[in-house]
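**Student:** The structure follows.
Read-outs throughout are calculated quantities, based only on the coordinates presented, and are distinct from any laboratory measurement. If you're wondering where the values come from, they're calculated on a predicted model, not measured in any experiment. Don't worry about glycine lacking a Cβ; one is built from the backbone with ideal geometry, like all the others, and counts go over all protein chains shown.
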Amino acid sequence: MVAEALRAFSEATTVAELKQARITHTGDRSPLALANREIGALPPEAKREVGKRMGQARGRVNQALKERETEISAAELERRLAEEKVDVTLPTELVTQGAVHPVPAVMDLMSDIFVAMGWEIAEGPELEAEWLNFDALNFIPDHPARTMQDTLFIDPPEHNLLLRTHTSPVQARSLLTRELPVYVVCPGRVYRADEYDATHLPVFNQIEGLAVDKGITFGNLRGTLEHFARELFGQDMVLRWRPSYFPFTEPSAEVDLLCFNCHGTSVGDPDNPCRMCKSEGWIEWGGCGVVNPRVLEACGVDSSVYSGFAFGMGVDRTLMFRNNLSDLRDTVQGDVRFSRSLVGGA
Ligand code: PHE
């Protein structure tokens with residue numbers, strides 16, 4: 001019995017064959033198991049002797065089975081390793097890859113400058129309440145920016161919903177929902193019924209900033225935007241501040257960047273026209289100002305204790321100047337070659 005089992009084990013060459021041999025020679029109906037069952041019927045002395053021999057026999061069989069199992073699985077592993085060998089020198093097919101789109105890439109870059117200063121990222125919906133887009137921001141009811149020409153309203157009009165025309169409603173949302181002081185930036189998509197050409201898109205991106213704390217002044221705004229511009233465009237970037245008007249800031253300003261292309265040299269020189277700044281010497285970057293106390297009050301903030309500044313910069317425009325693009329439409333046409341050409345550059 002034992003010799004037969006050992007032979008069957010050594011003849012098995014695969015896991016499956018060994019399993020079969022194991023069932024045949026050690027299973028419930030194997031000769032060994034059957035003989036083992038007979039022991040119970042033997043007289044007591046014989047029982048001891050036979051039981052001992054039977055135990056030894058079963059021990060040898062099980063030992064042989066275990067050894068053969070180890071041998072076979074080692075051999076199978078060897079065989080698999082040999083069969084599945086990978087030739088890393090074989091030529092591969094080229095896989096075309098996408099690329100990070102430059103607009104979100106530059107958006108992240110801009111946001112990160114503020115995150116590094118401890119500001120938080122705030123978000124708001126693109127489908128916005130008219131109240132937050134305009135009323136809370138001190139736009140009078142018949143302000144021209146509300147009219148159909150600029151703003152894309154949603155039907156039916158009584159729902160008072162629109163596609164946000166700027167990221168400034170997130171100022172109101174942040175003041176209404178956050179604990180003071182507030183330091184947030186909000187990058188996001190905005191919509192205006194604008195023409196679609198090389199320098200205008202009806203859907204574009206802004207990054208809004210809002211700081212509300214005790215004792216905030218225009219000086220803080222200036223220092224912050226100068227730091228922002230220098231981190232983004234280089235330490236030698238020069239800014240120009242022009243007085244302006246926004247209903248939600250007072251005083252307000254527009255910030256210009258010294259032209260990346262002619263550095264101001266095209267101004268007053270008809271022989272040296274600059275396509276980037278149209279020979280103005282400066283490029284408009286965004287609007288900003290000290291938060292109008294009416295906005296603070298509309299959002300439940302005590303304007304006798306707190307003050308703030310806000311700004312809103314065009315992200316697509318920033319990318320355009322920074323990477324010397326000539327046509328904003330390239331950013332929405334989905335040609336991966338455009339994205340690839342700016343990878344690492346954005
Ligand atoms: N929301 C303004 C715009 O879209 C920009 C702005 C933001 C101005 C914050 C002042 C303060 O033109």
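**Student:** What single numbered condition from (1) in a helix (DSSP H, G or I); (2) touching a residue at least 40 places away in the same chain (Cβ under 8 Å); (3) more than 24 Å from GLY223 (Cα to Cα); (4) of a type in the set (A, V, I, L, M) fails to hold for MET107?
**Tutor:** Looking at each condition in turn, MET107 falls short on (3).
**Student:** Report yes if some residue within region 81-99 is surrounded by 13 or more Cβ atoms within 10 Å (Cβ to Cβ) and either touching a residue at least 40 places away in the same chain (Cβ under 8 Å) or touching a strand residue (DSSP E or B) at 6+ places or on another chain (Cβ under 8 Å) (or both); otherwise report no.
**Tutor:** yes
**Student:** Within region 219-250, take every residue that is surrounded by 14 or more Cβ atoms within 10 Å (Cβ to Cβ) and within 12 Å of the ligand (Cβ to nearest atom) and give me the one that is nearest to the chain's Cα centre (by Cα).
**Tutor:** LEU225
**Student:** Residues to consider are VAL290, VAL305, VAL267; find the one that is over 16 Å from THR199 (Cα atoms), touching a Ser or Thr at 6+ places or on another chain (Cβ under 8 Å) and away from the ligand (no atom under 16 Å from the Cβ). First the steps, then the outcome.
**Tutor:** Working: VAL290 fails: away from the ligand (no atom under 16 Å from the Cβ); VAL305 fails: touching a Ser or Thr at 6+ places or on another chain (Cβ under 8 Å).
Only one candidate passes the filter, namely VAL267.
**Student:** While we're here: Is at least one residue of region 56-74 surrounded by 15 or more Cβ atoms within 10 Å (Cβ to Cβ), touching a residue at least 24 places away in the same chain (Cβ under 8 Å) and under 30 Å from VAL190 (Cβ atoms)?
**Tutor:** no
Conditions (1) in contact (Cβ under 8 Å) with a residue 60 or more places away in the chain; (2) surrounded by 14 or more Cβ atoms within 10 Å (Cβ to Cβ); (3) within 13 Å of the ligand (Cβ to nearest atom), marked per residue:
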| site | (1), (2), (3) |
| --- | --- |
| PHE114 | yes, yes, no |
| GLY124 | yes, yes, yes |
| ALA129 | no, yes, no |
| ASN133 | no, yes, yes |
| ARG146 | no, yes, no |
| PHE153 | no, yes, no |
| GLU158 | no, no, no |
| LEU161 | no, yes, no |
| THR165 | no, yes, yes |
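**Student:** Given the conditions (1) over 20 Å from SER304 (Cβ atoms); (2) more than 16 Å from the ligand (Cβ to nearest atom); (3) not basic (Lys, Arg), and given that LEU176 satisfies all but one, which numbered condition is not satisfied?
**Tutor:** Condition not satisfied by LEU176: (1).
**Student:** Could you tell me whether any residue of region 196-203 is free of Cβ contacts under 8 Å to residues at least 60 places away in the same chain and either within 12 Å of the ligand (Cβ to nearest atom) or closer than 22 Å to THR331 by Cβ (or both)? I'd like the intermediate steps shown before the answer.
**Tutor:** Kept after step one, since they are free of Cβ contacts under 8 Å to residues at least 60 places away in the same chain, are these residues of region 196-203: 202.
Among the residues that remain, those that are also either within 12 Å of the ligand (Cβ to nearest atom) or closer than 22 Å to THR331 by Cβ (or both) are: 202.
Checked region 196-203: at least one residue is free of Cβ contacts under 8 Å to residues at least 60 places away in the same chain and either within 12 Å of the ligand (Cβ to nearest atom) or closer than 22 Å to THR331 by Cβ (or both).
**Student:** Can you confirm whether ALA310 is within 13 Å of the ligand (Cβ to nearest atom) and without any contact (Cβ under 8 Å) to a residue 60 or more places away in the chain?
**Tutor:** Judged against the criteria, ALA310 is not a match.
**Student:** Hey, among the residues in region 196-217 that are hydrophobic (A, V, I, L, M, F, W, C) and surrounded by 15 or more Cβ atoms within 10 Å (Cβ to Cβ), which one's nearest to CYS186 (Cα to Cα)?
**Tutor:** Per the criteria, the residue is ILE207.
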